[in-house]
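Visitor: Just passing along the structure, written as structure tokens.
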């Protein structure tokens with residue numbers, strides 16, 4: 001029964017959210033209530049949580065991927081969603097973050113002049129995001145990426161009377177649109193050679209080519225090497241842009257700074273994570289080591305990603321220290337953390353041993369969760385201070401935290417989690433990253449993780465000192481934050497609890513990685529696809 | 001009991017160390033509260049014949065803000081000059097230059113791989 005429910009949710013969730021998003025402006029005209037779009041979005045967010053949690057519970061308990069073929073067309077002819085442990089847990093994580101962002105948006109509702117458009121875009125973003133996570137088709141990924149991107153451009157420029165906000169959105173949109181077009185060119189190359197756009201089917205062809213080349217020693221595979229490496233190159237550029245890896249990170253500070261604060265929270269916790277996820281999918285599922293790109297290119301590119309991750313980590317950490325705008329600090333902090341994520345996902349450059357991948361990707365998943373929760377908590381608490389002081393500049397916010405002890409505590413815990421302090425969950429993700437590299441004897445990347453963490457500490461100390469511990473220089477408006485303080489409290493406690501029960505979380509994440517990103521996981525992914533094709537073509 | 005703790009597992013080791021430190025903190029805290037004297041004895045400061053202004057915090061200790069600016073202006077000045085004037089200039093064209101370089105590097109990597117493959121497996 002749970003399997004059937006999860007299967008139905010897989011097919012229904014994304015189209016339903018998109019439909020709900022498009023009818024919202026019409027319903028708002030009928031309802032004529034400012035709070036209606038917010039409540040409407042909240043109900044849909046709860047539905048998303050139920051759907052993503054059901055899918056995650058089913059996939060993780062059965063260890064078997066779900067394949068949903070739209071319209072009953074057997075893949076690769078039709079579009080299929082394929083959910084293994086890796087995207088199931090990311091979908092589950094995304095579902096809960098979406099709920100948190102929606103709650104934050106409700107608190108932010110008074111700042112929204114036309115809430116129906118804000119929530120339409122937010123729901124559009126949710127549909128695009130879950131589509132990107134769940135899809136098993138590289139072309140459908142392009143479509144969902146467009147849905148997500150257009151929604152996010154609209155959300156960033158939401159305060160349309162602010163010219164700086166429009167400029168930030170314009171810069172992001174121009175380069176973002178170029179990026180998605182480049183991905184489309186990559187898809188043409190993939191389709192031209194593989195005659196397929198289904199991820200599992202491309203994986204199947206890749207393994208076949210690899211076996212022919214390696215085991216049977218057949219030659220003449222230049223064209224597939226050229227096609228696959230070129231397609232992966234184009235895709236990598238696009239998704240390193242979406243995730244904000246150095247040097248594709250320039251859009252981040254401006255966009256974070258000028259977007260409505262709930263949208264600023266949504267970018268590092270969801271939108272950029274989608275980019276990281278797709279890079280992992282491309283380099284570890286669709287084009288693993290046993291594929292045409294396994295010949296030199298994959299190792300080379302993963303090594304470059306490791307170096308870029310380190311540079312991004314260092315630049316983000318250093319730039320944080322000289323910022324005056326508190327939202328920009330969080331922007332540079334994201335650049336630094338995305339750098340760390342890329343450093344750990346590049347471990348395939350040194351080893352593709354299943355045991356090493358298990359530690360590395362458990363570290364990656366832990367870091368995604370720790371970083372995402374921290375960013376939501378920090379943007380939420382900072383918005384209280386921004387509203388109270390009327391400024392985003394830390395000099396004007398000096399001592400505002402003294403008026404709100406609970407919010408100050410949330411701010412401090414959020415930053416300590418990012419810095420990786422024991423016993424918060426952020427510590428364990430960095431420890432695992434370090435452990436993964438040390439387990440294969442790679443001291444330099446392990447040292448790089450420590451250097452980035454150490455360099456970022458002054459950057460985190462600065463807002464804590466200015467906002468909480470400085471002597472107030474002016475009078476601040478007192479806000480009655482009502483239910484929002486409980487929201488902040490729950491988030492703060494969750495960072496503690498996740499750290500304290502990390503031993504259990506570790507084994508859950510480790511099993512998920514084993515069932516999805518190791519050789520055993522890839523075979524399961526492939527087998528689920530083949531089984532679906534067989535069934536839909538009339539087999540038993 | 002100590003033999004059961006697997007110190008070769010870093011996660012478990014950290015967990016147990018944190019628990020132990022937390023217990024230690026609680027015990028020490030309890031001792032402090034129990035043994036805390038009711039009144040405090042005040043003694044005059046021995047200054048080797050100097051006046052009290054020698055150790056006045058206001059006169060000799062730089063403020064946190066000054067320490068911060070010292071770090072930025074002296075120690076990290078060159079790093080930040082490079083970061084702000086070369087990388088984070090805020091100019092869209094500079095961004096594009098960096099981003100296109102990364103794009104070019106990826107394309108070169110794929111062309112290079114194909115050429116090397118062709119040389120290695122010729123015929």
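Visitor: For segment A:228-244, which positions are at negative phi and more than 9 Å from every other protein chain (Cβ to nearest Cβ)? Before the answer, list the steps.
Guide: Taking segment A:228-244 as the starting set, the residues that turn out to be at negative phi are A:228-243.
Within segment A:228-244, A:235, A:238, A:239, A:242, A:243 qualify.
Visitor: Sticking with this one: Within segment A:442-488, work out how many residues are over 18 Å from residue A:406 (Cα atoms), part of a loop (DSSP other than H, G, I, E, B) and under 29 Å from the mean Cα position of the chain (by Cα).
Guide: 1
Visitor: Shifting gears a bit: What tally of residues in segment A:77-86 results from selecting those that are crowded, with 24+ Cβ neighbours inside 10 Å and either out of contact with any strand residue (DSSP E or B) (no Cβ under 9 Å at 6 or more places or on another chain) or assigned to a loop (DSSP other than H, G, I, E, B) (or both)?
Guide: Qualifying residue count, segment A:77-86: 3.
Visitor: Still on this structure, I have one more. Are there any helices (runs of 4 or more DSSP H) wholly within segment A:258-339 with 3 or more residues that are more than 14 Å from chain B (Cβ to nearest Cβ), and if so which?
Guide: On the way: elements: A:261-266, A:272-280, A:297-321.
Here the list reads A:261-266, A:272-280.
Visitor: Which residues, taken from segment A:329-356, are surrounded by fewer than 21 Cβ atoms within 10 Å (Cβ to Cβ) and touching a helix residue (DSSP H, G or I) at 6+ places or on another chain (Cβ under 7 Å)?
Guide: Applying the first criterion (surrounded by fewer than 21 Cβ atoms within 10 Å (Cβ to Cβ)) to segment A:329-356 yields A:349-356.
Matches in segment A:329-356: A:349, A:354, A:356.
Visitor: Check segment A:93-112 and report whether any residue there is closer than 29 Å to residue A:196 by Cβ and either out of contact with any helix residue (DSSP H, G or I) (no Cβ under 8 Å at 6 or more places or on another chain) or free of Cβ contacts under 8 Å to residues at least 60 places away in the same chain (or both).
Guide: Within segment A:93-112, none of the residues are closer than 29 Å to residue A:196 by Cβ and either out of contact with any helix residue (DSSP H, G or I) (no Cβ under 8 Å at 6 or more places or on another chain) or free of Cβ contacts under 8 Å to residues at least 60 places away in the same chain (or both).
Visitor: Let me confirm something: among A:517, A:498, which residue is closer than 24 Å to residue A:422 by Cβ and touching a residue at least 12 places away in the same chain (Cβ under 8 Å)?
Guide: A:498
Visitor: Take residue A:375 and tell me if it is surrounded by fewer than 23 Cβ atoms within 10 Å (Cβ to Cβ), in a helix (DSSP H, G or I), away from chain B (no Cβ under 14 Å) and at pLDDT 90 or above.
Guide: When the stated conditions are applied, residue A:375 does not pass them.
Visitor: Check residue A:420 against each of (1) touching a residue at least 60 places away in the same chain (Cβ under 8 Å); (2) within 14 Å of another protein chain (Cβ to nearest Cβ); (3) surrounded by 20 or more Cβ atoms within 10 Å (Cβ to Cβ) and name the one condition it does not meet.
Guide: (1)
Visitor: Can you give me the number of residues within segment B:83-105 that are at the interface with chain A (Cβ under 7 Å from one of its Cβ atoms) and either in contact (Cβ under 8 Å) with a residue 24 or more places away in the chain or in a loop (DSSP other than H, G, I, E, B) (or both)?
Guide: Residues meeting the conditions: 1.
Visitor: Let me ask something additional. Tell me which residues, restricted to segment A:432-449, are surrounded by fewer than 21 Cβ atoms within 10 Å (Cβ to Cβ), touching a residue at least 60 places away in the same chain (Cβ under 8 Å) and within 11 Å of another protein chain (Cβ to nearest Cβ).
Guide: A:435, A:439
Visitor: If we scan segment A:113-133, do we find a residue that is modelled with pLDDT under 95 and within 18 Å of residue A:375 (Cβ to Cβ)?
Guide: No: segment A:113-133 contains no residue that is modelled with pLDDT under 95 and within 18 Å of residue A:375 (Cβ to Cβ).
Visitor: Spot the failing condition for residue A:63; the list is (1) closer than 28 Å to residue A:101 by Cα; (2) in contact (Cβ under 8 Å) with a residue 40 or more places away in the chain, and only one is missed.
Guide: (1)
Visitor: Residues of segment A:282-293 being at pLDDT below 90 and crowded, with 21+ Cβ neighbours inside 10 Å, which ones?
Guide: Hits for segment A:282-293 are A:291, A:292, A:293.
Visitor: State the number of residues belonging to segment B:16-58 that are farther than 26 Å from residue A:462 by Cβ and at pLDDT below 75. Explain how you work it out, then say what you get.
Guide: To start, the set of residues in segment B:16-58 that are farther than 26 Å from residue A:462 by Cβ comprises B:16-56.
With at pLDDT below 75 added as a condition, the list becomes B:40-56.
Number satisfying all stated conditions: 17.
Visitor: Just need a number here: residues in segment A:408-441 that are in a helix (DSSP H, G or I) and over 20 Å from the mean Cα position of the chain (by Cα).
Guide: 14
Visitor: The conditions are (1) farther than 19 Å from residue A:347 by Cα; (2) over 20 Å from the mean Cα position of the chain (by Cα), and residue A:508 fails exactly one of them. Which is it?
Guide: The failed condition is (2).
Visitor: Keeping to segment A:450-485, report how many residues are at pLDDT below 90 and more than 13 Å from chain B (Cβ to nearest Cβ).
Guide: Here the count works out to 10.
Visitor: Sticking with this one: Residue by residue through segment A:208-235, note down the ones that are more than 28 Å from the chain's Cα centre (by Cα) and assigned to a helix (DSSP H, G or I).
Guide: Result: A:208, A:209, A:210, A:211, A:212, A:213, A:214, A:222, A:223, A:224, A:225, A:226.
Visitor: Counting only residues that are in contact (Cβ under 8 Å) with a residue 40 or more places away in the chain and facing chain B (nearest Cβ under 8 Å), how many does segment A:209-227 have?
Guide: Summing the residues that are in contact (Cβ under 8 Å) with a residue 40 or more places away in the chain and facing chain B (nearest Cβ under 8 Å) in segment A:209-227 gives 2.
Visitor: Please verify whether residue A:25 is surrounded by 21 or more Cβ atoms within 10 Å (Cβ to Cβ) and in a helix (DSSP H, G or I), treating the condition exactly as stated.
Guide: no
Visitor: Right, next: For segment B:106-123, how many residues are touching a helix residue (DSSP H, G or I) at 6+ places or on another chain (Cβ under 9 Å), at the interface with chain A (Cβ under 7 Å from one of its Cβ atoms) and in a helix (DSSP H, G or I)?
Guide: Here the count works out to 8.
The values are calculated or read from the model by the stated rules, or taken from the named source; none is laboratory data. Small disclaimer: the values here were computed from a predicted structure and weren't measured. FYI the Cβ positions are ideal-geometry reconstructions off the backbone, even for glycines, and counts take in every protein chain you see.
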